[in-house]
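Novice: Take a look at the following structure, please.
The values are calculated or read from the model by the stated rules, or taken from the named source; none is laboratory data. Everything numeric in this text was worked out from a predicted model, so none of it was measured. In this analysis, Cβ positions are derived from the backbone assuming ideal geometry, glycine residues included, and neighbour counts consider all displayed protein chains. With ligands, DNA and RNA removed, areas are computed over all heavy atoms of the protein, side chains included. Shrake-Rupley method; radii C 1.70, N 1.55, O 1.52, S 1.80 Å.
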Amino acid sequence: MREYEESLHGLEGEMMDHFPPPPPRHPLARERMNIQKSSVCSRAYFVVVMAFFHIYIINIIALLLYVHYNTGPGEQDVLLEKSASVPGPMPEHQTPSPNLSPELSFQLPRLEGIRVGHVQRVSLVPDRTHNMRTLSLKPLLFEIPGFLSAEESSVVMQLAQLKGLTHSALHTAPDSQEEQLTQDELFSLLDLNQDGLLQREEILSLSHSTDGSWLSSYNLRKIHTGLETNPSGVLSLQEFKRVSGGVLQYSGAGQGLDGNAEVRQRSTHTRLYLGEGTHHLLKSIRNRVTRVTRLPSSLVDLSEPMEVVRYEQGGHSHAHHDSSPPNPDTSCAHTHLAANHSNQVACRYLTVLMYLNSADGGGETSFPVADNRTYEEEVLGDLSQQYCDKGNLKVKPVAGTALLWYNHLSDGNGWVGELDEFSLHGDCSVTRGFKWTGSVWVNVDPDQQRQERYQRLVSWHPEEQSKRPDHGDFHQDL
């Protein structure tokens, strides 16, 4: 046994001679290994954190894009209804006038164009959305395909023909001979739904338009007073003759609200009332205008009737503005009942132009200075004759498509500002066939207090609503 242990120790000694033990590790080497392990852990932690951070950012961007481009029709309906019915708050720096009633101290909502070519979805009728594309930022101009269906466009044209189209006069001097209207003729013109009775809305709505510019403040007040004192709330022909008390004067047929001659040639036109007691489609058009503009319904309801125009071959309109610049020496045609100025001008905050058919040739709507850097008449020349050739933007008429543009800028406080000179527009000549259009203007007085006085003056009271007779829709079977 002892010999065996001695031989084992001898083998160990030989192995030690052939294989020396490894040198002891230096302290710095151990530290380097620890540092390497620590840096690897830090890098892995950084990669994990950055991955989660990028995923979070991507999710946020995806959510914003989804909300912006894929808002459902139900959500749009709620937004539009709230915008149209709930007045916006007054800015903090603007103190409401003590003369304004709280329910009328609202702002005018204004659509955002974002950029030329931008498309946003709007809901005009239940269970359907429409694409609204920005065509221009100066003026703020939108295109809405499918605003009316082919069948609806046909019905509007039929209603205009049933009402009767009158020729648009050629250029007539503003001081032309005044023509006299008999009371029977005047009653027929005022009776927009041709039911043999005059409602207050009919009298007021026609007085807003160029066709009714002859209805002076005195005459209007006289008729309005007679209607107010009538227990039934309406006027028959005999009652109208009694309260009007004579023949009313109508200024030259070619004279517009601003005292200038008409700008249309080779066309016929008529006015269609959009209020209660008229065809359900016309009321639907009024509601669609309210929804797409997001304006309070009270403003749209008290605006002038829709004008339907039929252009013959060669028919056109020269470049013009639909509204007039604010002027303290004039009053708006739609609020002159609440004003003391005899000089009346058109005050149209925005225009909705509907194409009722697709013209076979020509008939484009031209905006000669759309998105120009500056507006300089002396550089652009006489656009009244040459706008179609020089027009920056021309829109081809397509049946059912509507154009919406603002005729005024904002005053910075949520109300009507200066006239947008870039809203200059006209209709190019129809080279083949006919062209039908329908125009709806929303009238707003730049004088907010006067607009409020007018709305308070003509608004119906609840007890009066119950006295109004129920008139069925006119030509509902079309």
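Novice: Would you confirm, using the coordinates I've provided, whether residue 283 is of a type outside the set (Gly, Ala, Ser), open to solvent by 30 Å² or more (accessible area, probe 1.4 Å) and at pLDDT 80 or above?
Specialist: So residue 283 fits the description; yes.
Novice: Note down all Cβ pairs under 8 Å where the first residue falls in region 111-123 and is at negative phi, the second is of a type in the set (Asp, Glu) and open to solvent by less than 60 Å² (accessible area, probe 1.4 Å), and they're at least six residues apart or on different chains.
Specialist: Going by the 8 Å Cβ cut-off, the qualifying pairs are 123/77.
Novice: Scan region 308-317 residue by residue and report those that are under 18 Å from residue 278 (Cβ atoms) and open to solvent by 10 Å² or more (accessible area, probe 1.4 Å).
Specialist: Listed by number, the list is empty, since nothing qualifies.
Novice: Using beta carbons and a limit of 7 Å, which pairs, at least six apart or on different chains, have the first residue in region 162-175 and on the phi > 0 side of the Ramachandran plot and the second one modelled with pLDDT of 55 or more and surrounded by 15 or more Cβ atoms within 10 Å (Cβ to Cβ)?
Specialist: Short answer, once both residue conditions are applied: 164/270.
Novice: Residues 423, 366, 358: which one is under 17 Å from the mean Cα position of the chain (by Cα) and either open to solvent by less than 10 Å² (accessible area, probe 1.4 Å) or at pLDDT 95 or above (or both)?
Specialist: Among 423, 366, 358, only 423 is under 17 Å from the mean Cα position of the chain (by Cα) and either open to solvent by less than 10 Å² (accessible area, probe 1.4 Å) or at pLDDT 95 or above (or both).
Novice: Restricting the search to region 393-414, which residues are more than 19 Å from residue 310 (Cα to Cα), open to solvent by 10 Å² or more (accessible area, probe 1.4 Å) and among the hydrophobic types (A, V, I, L, M, F, W, C)?
Specialist: 393, 409, listed by residue number.
Novice: State all residues of region 428-462 that are assigned to a loop (DSSP other than H, G, I, E, B) and within 22 Å of residue 226 (Cβ to Cβ); if no residue qualifies, say none.
Specialist: 459, 460, 461 - these are the residues of region 428-462 that are assigned to a loop (DSSP other than H, G, I, E, B) and within 22 Å of residue 226 (Cβ to Cβ).
Novice: What's the total number of residues in region 447-478 that are open to solvent by 40 Å² or more (accessible area, probe 1.4 Å) and modelled with pLDDT of 50 or more?
Specialist: Going through region 447-478 one residue at a time, the tally reaches 7.
Novice: Can I ask one more? Quick one: is residue 267 over 19 Å from residue 199 (Cβ atoms), in a helix (DSSP H, G or I) and at pLDDT 90 or above?
Specialist: No: the conditions fail for residue 267.
Novice: Hey, any hits in region 178-187 for a residue that's farther than 27 Å from residue 125 by Cα, surrounded by 15 or more Cβ atoms within 10 Å (Cβ to Cβ) and at pLDDT 75 or above?
Specialist: The answer is yes; a qualifying residue exists.
Novice: Can I ask one more? Out of contact with any Phe, Trp or Tyr (no Cβ under 6 Å at 6 or more places or on another chain), part of a helix (DSSP H, G or I) and closer than 16 Å to residue 405 by Cα - does that describe any residue in region 293-304?
Specialist: yes
Novice: Please go through region 432-446 and give me each residue that is open to solvent by less than 40 Å² (accessible area, probe 1.4 Å) and either more than 24 Å from the chain's Cα centre (by Cα) or modelled with pLDDT under 90 (or both), ordered by number.
Specialist: Passing the criteria: only 433.
Novice: Considering only residues of region 262-277 that are within 23 Å of the chain's Cα centre (by Cα) and hydroxyl-bearing (Ser, Thr, Tyr), which is surrounded by the most Cβ atoms within 10 Å (Cβ to Cβ)?
Specialist: 273
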